[in-house]
Amino acid sequence: MFRENNDLFRFYFFLDRSLREPLSILNADFILLDNNMDIITPPEGDFFKPSGEIANEIISKIKKLDGSKVQEYVYFNVNNTDYISIVKPVSDKNSFGLGWLIIYSSLQKVNQLKLGINMILIVIVLLSALIFAIFSSLAAKKISAPFSSLNQHIRAIAERNFGVKIEMPVDAELQELVNSINIMSEKLESYDKAQKTFFQNASHEFRTPLMSIQSYAEGIKYDVVDKNTAADIIIDETKRMTHLVEDLLYLSRLDTIEENYRFADLDFKDFINACQERMYGIASKSGINLEVENINEPVVVYADEEKLFRAFANIIGNCIRYANNTVSIVPKIIDRSKIEIVIRDDGPGIDSNELPNIFERFYKGKKGNVGLGLAISKNIIERHNGKITARNSESGAVFTIVLPVKQS
């Protein structure tokens, strides 16, 4: 047949060579059928000759298609091996008697290819996981290193080692945290030093009246001092110690839930007049004129009267202590939502080095005694949602208190 028709021979040869290309993934084989579904025997040579079982199985499958002229895919099994084939009718596309072109391949080859692809994908996944694990470990160490260092510094702070400042290169996200920790450490160190200094000063202040009381008590015992004079001194020193102890206890209660505030509506005009009346005796005794400017309109604040009076009394008393002649109290309404009270004296003012620290509870000025009055006043006013500041003017110290006004 091939000898008689060179076109069919060329077609056979071209098809065989194409399917034997090295780039063919499936390495498929083929069968040619004539119009009568007889196998066209290949010419002599190295061409592939299909297995009789495979050819018979394919032909039986084609016959079941009832002479369909449409391309079909046919699955079949020979010797426990699965095959897939494509059957394409070509009788109307040639003039040399070729009826069907059948290309088939074992699915075992496809499965092997699939297995190979899966193995490659598994290797890629494992390598990716290993690379990711290494990268994650390095990134985690880089991220955790600053936190580990910060943890050590925080532990040092917890052990009261406040002087160590954190100096380490960190990202911008952590820089604010490092700065906050450094500021906290500095403030804790300052607070700790101030507390120690306060206890030293307080111990000294307690020791002085105690020694005075002891010496005069011994003088009375051995009858070497006047009893009346000694008794007066002992009483004064006792009052001084009592006042200091009361301030300490009161300040400690202000930061605890034990100190309850009893807030109520308070007429501020009456309150200021009451402050003037109650502080008038102390001012007169010191030869100081206490001046209060009246408020023309009614003002109501929501406050604890007893504690608020103590705050004002401490500030007014401090001004009386350092004033030369006059202490003035000037209240003024601001935007009908706040009231500003300016308390000033005509004394020497506050030392510029001491001004930032006068409201610290453990601070003692160079000129003053150990006192907690201003710290108590600041605490009370802030509990009333207010604010207190201090400054110097040309004529003396000026304290400014701002309190919220209750809206009607």
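The values are calculated or read from the model by the stated rules, or taken from the named source; none is laboratory data. Since this is a predicted model, take the numbers as computed values, not measurements. Heads up, the Cβs are rebuilt from the backbone with ideal geometry, glycines too, and the neighbour counts pull from every protein chain shown. Accessible surface areas use protein heavy atoms only, side chains included; no ligands, DNA or RNA. Shrake-Rupley method; radii C 1.70, N 1.55, O 1.52, S 1.80 Å.
Here are the numbers for this structure:
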{"quantity": "Residues of the stretch 378-394 satisfying the condition of being in contact (Cβ under 8 Å) with a residue 24 or more places away in the chain, open to solvent by 60 Å² or more (accessible area, probe 1.4 Å) and over 31 Å from the mean Cα position of the chain (by Cα)", "calculated": "ARG391, ASN392"}
{"quantity": "Test for TYR83: is it touching a strand residue (DSSP E or B) at 6+ places or on another chain (Cβ under 9 Å), farther than 15 Å from ILE31 by Cβ and part of a strand (DSSP E or B)", "calculated": "no"}
{"quantity": "Hits in the stretch 67-80 - residues which are in a strand (DSSP E or B) and either charged (D, E, K, R) or touching a Phe, Trp or Tyr at 6+ places or on another chain (Cβ under 9 Å) (or both)", "calculated": "GLU72, VAL74, TYR75, PHE76, ASN77"}
{"quantity": "The lone exception for ILE282 - which of (1) among the β-branched types (Val, Ile, Thr); (2) open to solvent by less than 50 Å² (accessible area, probe 1.4 Å); (3) farther than 23 Å from ARG383 by Cα it fails", "calculated": "(2)"}
{"quantity": "Top-ranked residue of the stretch 304-356 - restricted to ones that are of a type in the set (Gly, Ala, Ser), within 24 Å of TYR261 (Cβ to Cβ) and touching a helix residue (DSSP H, G or I) at 6+ places or on another chain (Cβ under 8 Å), ranked as surrounded by the most Cβ atoms within 10 Å (Cβ to Cβ)", "calculated": "ALA311"}
{"quantity": "Complete set of residues in the stretch 97-132 that are within 30 Å of ILE40 (Cα to Cα) and either in a helix (DSSP H, G or I) or among the aromatic types (Phe, Trp, Tyr) (or both)", "calculated": "TRP100, TYR104, LEU107, GLN108, LYS109, VAL110"}
{"quantity": "Matching option when the condition is modelled with pLDDT under 75 and among the acidic types (Asp, Glu), among GLU21, GLU72, GLU53", "calculated": "GLU21"}
{"quantity": "Checklist (1) surrounded by 11 or more Cβ atoms within 10 Å (Cβ to Cβ); (2) part of a helix (DSSP H, G or I) applied to VAL225, failing item", "calculated": "(2)"}
{"quantity": "Residue under evaluation LYS88, criteria (1) in contact with a helix residue (DSSP H, G or I) (Cβ under 9 Å, 6 or more places away or on another chain); (2) assigned to a strand (DSSP E or B); (3) not aliphatic (A, V, I, L, M), criterion not met", "calculated": "(1)"}
{"quantity": "Selection from the stretch 68-88 of residues that are closer than 16 Å to ASN35 by Cβ and open to solvent by less than 40 Å² (accessible area, probe 1.4 Å)", "calculated": "SER68, VAL87"}
{"quantity": "Filter result (among the charged types (D, E, K, R) and closer than 18 Å to GLU306 by Cβ) within the stretch 370-405", "calculated": "LYS378, GLU382, ARG383"}
{"quantity": "Test: residue in the stretch 206-222 that is assigned to a helix (DSSP H, G or I), in contact (Cβ under 8 Å) with a residue 24 or more places away in the chain and either within 30 Å of ASN161 (Cα to Cα) or in contact with a Pro (Cβ under 8 Å, 6 or more places away or on another chain) (or both)", "calculated": "yes"}
{"quantity": "Residue within the stretch 89-96 that is out of contact with any Pro (no Cβ under 6 Å at 6 or more places or on another chain), among the hydrophobic types (A, V, I, L, M, F, W, C) and exposed (fewer than 14 other Cβ atoms within 10 Å of the Cβ) present", "calculated": "no"}
{"quantity": "Residue within the stretch 357-377 that is assigned to a helix (DSSP H, G or I), in contact with a Ser or Thr (Cβ under 6 Å, 6 or more places away or on another chain) and touching a residue at least 60 places away in the same chain (Cβ under 8 Å) present", "calculated": "no"}
{"quantity": "Condition check for ILE120: within 20 Å of ILE31 (Cα to Cα) and either modelled with pLDDT of 80 or more or open to solvent by 30 Å² or more (accessible area, probe 1.4 Å) (or both)", "calculated": "no"}
{"quantity": "TYR302 being touching a residue at least 12 places away in the same chain (Cβ under 8 Å) and touching a Phe, Trp or Tyr at 6+ places or on another chain (Cβ under 6 Å)", "calculated": "yes"}
